[in-house]
1. As an exercise: evaluate residue 207 against (1) closer than 19 Å to residue 74 by Cα; (2) within 15 Å of the chain's Cα centre (by Cα); (3) in a loop (DSSP other than H, G, I, E, B) and give the number of the one condition it does not meet.
2. May I ask you to say which residue of 24, 20 is farther than 22 Å from residue 152 by Cα, within 16 Å of the ligand (Cβ to nearest atom) and at pLDDT 95 or above?
3. Within the stretch 92-110, how many residues turn out to be free of Cβ contacts under 8 Å to residues at least 40 places away in the same chain and in contact with a helix residue (DSSP H, G or I) (Cβ under 6 Å, 6 or more places away or on another chain)?
4. Taking the condition closer than 30 Å to residue 360 by Cβ, among the acidic types (Asp, Glu) and open to solvent by 10 Å² or more (accessible area, probe 1.4 Å), does residue 41 pass?
5. Across the stretch 82-109, what is the total count of residues that are in contact with a Phe, Trp or Tyr (Cβ under 9 Å, 6 or more places away or on another chain) and of a type in the set (Ser, Thr, Tyr)?
6. List the residue pairs whose Cβ atoms are under 6 Å apart, where the first residue sits in the stretch 178-199 and is away from the ligand (no atom under 16 Å from the Cβ), the second is of a type in the set (S, T, N, Q), and the two are 6 or more positions apart or on different chains.
7. Can you name the residue in the stretch 18-64 that is touching a helix residue (DSSP H, G or I) at 6+ places or on another chain (Cβ under 7 Å) and among the hydroxyl-bearing types (Ser, Thr, Tyr) and is also nearest to residue 239 (Cα to Cα) among such residues?
8. Residue 354 passes all but one of (1) in contact (Cβ under 8 Å) with a residue 24 or more places away in the chain; (2) not in a helix (DSSP H, G or I); which number fails?
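The values are calculated or read from the model by the stated rules, or taken from the named source; none is laboratory data. This one's a predicted model, so the numbers in the text were calculated from it and none came from an experiment. Virtual Cβ from ideal backbone geometry, glycine too; neighbours counted across all protein chains shown. Surface areas here come from the heavy atoms of the whole protein model, side chains and all, with no ligands, DNA or RNA. Shrake-Rupley method; radii C 1.70, N 1.55, O 1.52, S 1.80 Å.
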Amino acid sequence: MKNSYLDGQYRLMAPGPVPVSESVRQALALPMIHHRTPEFEAIFQRVLKNLKPVFATEQPVMILPTTGSGGMEAAIVNVFSPGDHILAIVSGKFGERWAEMARVYGLKVHELKVKNGSAVEPAEVAALLKSHPEIKGVMTQACETSTATWHPIQELAAIVKAKSDCLFLVDGITAVGCAPLPMDDWGLDVLVAGSQKAFTLPTGLSFVALSKKSWAFNQTARCPRYYLDLLAEKKANEKGQTNFSSSVSLIRGLDVFLKEALGCGLVGIQKRCAQLAEATRQAAQDLKLCVFSQSPSPSVTAIALPPTLDGDKLRVHIEKQYNVTVMGGQDELKGKILRIGHMGAISNRDQLATIEALGRSLIDFKFALTEEDVRRAVENCAKFLESKA
Ligand SMILES: *Cc1c(COP(=O)(O)O)cnc(C)c1O
């Protein structure tokens with residue numbers, strides 16, 4: 001194909017980990033300093049302050065040296081006690097994981113299973129809370145990354161808020177930063193984010209904030225906790241320190257990311273995710289494929305594959321042949337979807353190369369598509385992104 005965007009360069013287009021910007025990588029590469037130094041403490045104070053507008057909260061946002069799952073576990077153990085009843089909205093892999101963690105800590109988990117690719121129906125949650133008044137918490141993903149599905153968080157928050165003895169816990173790991181999710185305004189009680197998704201950093205940090213209501217629950221929460229004790233973390237943070245050794249390099253990277261993100265008022269990143277998502281949905285259509293989710297996310301798009309295509313083989317081919325990493329599906333969705341991420345330092349060229357690699361791979365796999373179709377899909381994508389620049 002003439003004017004190919006496939007220049008041999010490696011492209012990471014997964015929904016986490018994501019490509020890290022040059023400025024953040026430079027911060028990560030700086031010589032090591034000790035965490036108990038005025039230099040680091042100044043950075044740490046600034047980062048704690050700058051995280052608040054990203055979560056849109058007045059409450060402290062805590063940084064844990066764990067992957068996102070550590071933040072999810074911290075959320076549970078700091079507000080609940082063994083035997084507490086909770087409602088877990090399970091719409092995919094990450095919903096399953098959170099429900100499983102709650103069971104490990106002895107919670108009584110009521111699961112609301114949602115069909116893969118569908119958003120949860122708020123009325124069903126309201127009905128379950130009515131028929132089970134013993135429920136003390138509702139947990140959901142904002143975006144269920146395994147199916148690239150966005151849930152109606154504001155509506156759910158309004159339902160849970162009306163129940164004074166119940167918390168609303170949100171896994172916002174592929175949501176915080178990608179779309180508005182104002183914690184205080186909407187009344188989210190626990191909000192979790194992770195470094196390798198919208199925060200455009202390597203894997204290794206999670207971020208957790210608790211509402212006033214959650215801190216009140218914290219006083220009587222009896223789940224065992226030591227490393228993930230958020231009250232101890234908060235007290236250390238108030239003295240300008242972390243409870244354990246600080247992840248100096250990652251926090252320095254975070255400092256650069258937050259300065260840049262706040263510099264563009266956060267909307268820059270949100271708009272970029274939404275535009276890449278829209279461009280990808282359009283490209284799927286141009287390549288004669290369908291978007292999998294009924295409620296597509298701005299942070300990741302899942303493309304449904306026809307049964308005649310083996311998605312796992314196609315995914316590997318895209319990587320081996322064209323040097324582009326996208327993700328496949330897991331469990332029931334194994335081989336049936338491809339997931340393309342929209343978070344991180346993704347250039348227009350990266351996006352166009354990905355669409356081209358997908359289109360060419362489809363042709364390589366004898367899918368009914370012409371070179372001309374692929375050229376048009378890439379051209380449409382380029383025009384769309386240019387019009388938004
Ligand atoms: C990535 C992700 C997680 C956390 O995964 P880790 O591998 O522990 O970082 C949790 N929830 C969602 C929705 C995710 O996308």
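1. Answer for residue 207: the failing condition is (3).
2. Details: 24 fails: within 16 Å of the ligand (Cβ to nearest atom).
The conditions single out 20.
3. Qualifying residue count, the stretch 92-110: 3.
4. Working: closer than 30 Å to residue 360 by Cβ: no; among the acidic types (Asp, Glu): yes; open to solvent by 10 Å² or more (accessible area, probe 1.4 Å): yes.
No: the conditions fail for residue 41.
5. The number of residues fulfilling the criteria is 1.
6. 183/57; 184/57; 186/154; 189/211; 189/214
7. Checking each candidate, the answer is 57.
8. In the conditions (1) in contact (Cβ under 8 Å) with a residue 24 or more places away in the chain; (2) not in a helix (DSSP H, G or I), residue 354 misses (2) alone.
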